[in-house]
1. Cβ contacts < 7 Å: first residue without any contact (Cβ under 8 Å) to a residue 24 or more places away in the chain and on the phi < 0 side of the Ramachandran plot, restricted to the stretch 191-203; second residue assigned to a strand (DSSP E or B) and surrounded by fewer than 24 Cβ atoms within 10 Å (Cβ to Cβ), any location; separation 6+ or different chain. Result?
2. If we keep just the residues of the stretch 89-102 that are in contact (Cβ under 8 Å) with a residue 12 or more places away in the chain and out of contact with any strand residue (DSSP E or B) (no Cβ under 7 Å at 6 or more places or on another chain), which is nearest to residue 144 (Cα to Cα)?
3. Return the residues of the stretch 28-48 that are surrounded by fewer than 18 Cβ atoms within 10 Å (Cβ to Cβ) and either in contact with a helix residue (DSSP H, G or I) (Cβ under 7 Å, 6 or more places away or on another chain) or within 14 Å of residue 184 (Cβ to Cβ) (or both); say none if nothing qualifies.
4. Just a yes or no: is a residue in the stretch 65-74 under 16 Å from the mean Cα position of the chain (by Cα) and either touching a residue at least 60 places away in the same chain (Cβ under 8 Å) or surrounded by 14 or more Cβ atoms within 10 Å (Cβ to Cβ) (or both)?
5. Going by the conditions given, is residue 193 farther than 26 Å from residue 122 by Cα, over 14 Å from the mean Cα position of the chain (by Cα), modelled with pLDDT of 90 or more and surrounded by fewer than 23 Cβ atoms within 10 Å (Cβ to Cβ)?
6. Is there a residue in the stretch 215-231 that is in contact with a strand residue (DSSP E or B) (Cβ under 7 Å, 6 or more places away or on another chain), within 24 Å of residue 142 (Cβ to Cβ) and either surrounded by fewer than 16 Cβ atoms within 10 Å (Cβ to Cβ) or modelled with pLDDT of 85 or more (or both)?
7. Could you check, for the stretch 157-170, whether at least one of its residues is farther than 25 Å from residue 91 by Cα, part of a helix (DSSP H, G or I) and assigned by TED's automatic domain parsing to the domain that holds residue 59?
8. Just one of the numbered conditions (1) assigned to a strand (DSSP E or B); (2) in contact with a helix residue (DSSP H, G or I) (Cβ under 7 Å, 6 or more places away or on another chain); (3) more than 30 Å from residue 121 (Cβ to Cβ) is not true of residue 51; which one?
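The values are calculated or read from the model by the stated rules, or taken from the named source; none is laboratory data. As the structure is a prediction and not an experimental result, all values here were calculated from the model. Don't worry about glycine lacking a Cβ; one is built from the backbone with ideal geometry, like all the others, and counts go over all protein chains shown.
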């Protein structure tokens, strides 16, 4: 499993993460919820190795990732929120680049890339540069890049942003089957509905700390409130009814 132990991150005097603990076990999808500024993106960037923690550590299968950071990164796939790609490339060229960086053979890439583009409904656009792609199409390319080396851990940061209904249904099914294959998914999102439908457990972050953790099956059977209501209470969100009423009143002639 992936385990965060006392994960801490400071930016100067600002404490973005304050001794955060969580686990992503094999066979499960962990939902990672929090309001803007709670530390979700900092956590994701630390897990995928884009930034180093100021304190604490990450462990994979009982060993600190600092023992073999390159080996750890070979085992993860990452889908960021914003599909920042080399848009002067075609999808085939981009996936060839990623595959070579991942150490996949040319024969493997020649087999996987056309198959993935076909299954993800991108084959008809294979000769177009990704500058002409919609956000949803670019997001599908990122999913292909994250999955084609068969990772143990998939890290997702708002992965459904820009996807249409058909693609969202496909990837929800794909993520369930991926995790069921004794693998792990860390799913950072703002969407309560996705967490309720997809996740085995949920961690709620507030002001850089873990404010709550729930097993989703137990939550569904025991809670009379929705996950959104629990989130609002746990993170101390304001009641926006008065503000909404003032906005509507201002609209009146």
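1. none
2. By that ranking, first place goes to 95.
3. 35
4. yes
5. No; evaluated as a whole, the condition is false for this residue.
6. no
7. no
8. Condition (1) is where residue 51 drops out.
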